[in-house]
1. Dipole size in debye (nearest 20) for the chain around its Cα centre, Lys and Arg Cβ +1, Asp and Glu Cβ -1?
2. Quick one: accessible area per residue over the chain, 1.4 Å probe, rounded to a whole number of Å²?
3. So if each residue of separation counts as 0.36 nm, and I subtract the Cα-Cα distance between Val131 and Leu62, what length gain in nm does that give?
4. Quick check: at a probe of 1.4 Å, how many percent of the accessible area of the chain sits on carbon and sulfur atoms?
5. Taking 7 Å along the Cα-to-C-beta vector as the label spot, tell me the Thr42-Glu16 distance in nanometres, rounded to one decimal.
6. List every residue whose amide H lies under 5 Å from the amide H of Leu125, counting only residues 5 or more places away in sequence or on a different chain, with H placed 1.01 Å from N in the peptide plane.
7. Please return the longest range in the chain lying between exposed loop sites, taking GluC sites (Glu not before Pro), DSSP loop only, at most 13 other beta-carbon atoms within 10 Å, and leaving the sites out.
8. For the chain, what class follows from the C-alpha gyration tensor (a ≥ b ≥ c being the square roots of its eigenvalues): rounded when a/c is under 1.5, otherwise prolate if a/b is larger than b/c, else oblate?
Amino acid sequence: MENILVAVDGRHGAWEALSHACSLVKRIQAVLYVLLVMPPATGKERAGDESGRQSVRKRLDLHLATAKAEGLIINYFMTEGQYEDEVINFVNHHKIALLVHETRGKNARSAARDAAVLRALRHRLTCKMEVVAPMKTT
């Protein structure tokens, strides 16, 4: 049975990637791993940052509960650290066959960050990677 990973950045979420992976898991009867990567805590956390992280966790919990109610096998993990390093370690440790990654390229700055993350992951991963771009809303 294939192992599929959706890695969720604790600041932004990866809702399209999670939805896509759930659909894929249903079709090929794979096991879905969801990894929530929270950025390292600093002493200068702003209240808005913390509330944003809590909303990501709550929304993720709702998505996972819905998917489990549909009969999907989901293994949920949470870690703290640098996103790229945590994803790579997880892929290697859990024998992941496919990483479903979501881009956030809403502006030039986030597009550049996405490109850097994808480069870092692509060169260090031992699995296939599928990139999902969220639907543009107008």
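1. The calculated dipole for the chain is roughly 320 debye.
2. For the chain, the per-residue accessible area is 60 Å².
3. Residue separation times 0.36 nm, minus the Cα-Cα distance, leaves 22.6 nm.
4. Numbers: 4210 of 8230 Å².
Ligands and nucleic acids excluded, carbon and sulfur give 51 percent.
5. 2.8 nm
6. Amide H neighbours of Leu125, under 5 Å, 5+ apart: none.
7. So the longest stretch without any such site is 71-138.
8. Because its axes are fairly even, with a/c under 1.5, the chain counts as rounded.
The values are calculated or read from the model by the stated rules, or taken from the named source; none is laboratory data. Treat the numbers as computed from the prediction; the structure is a model and nothing was measured. Neighbour counts run over all protein chains shown; Cβ positions are idealised from the backbone, glycine included. Surface accessibility is based on the protein's heavy atoms, side chains included, excluding ligands, DNA and RNA. Shrake-Rupley method; radii C 1.70, N 1.55, O 1.52, S 1.80 Å.
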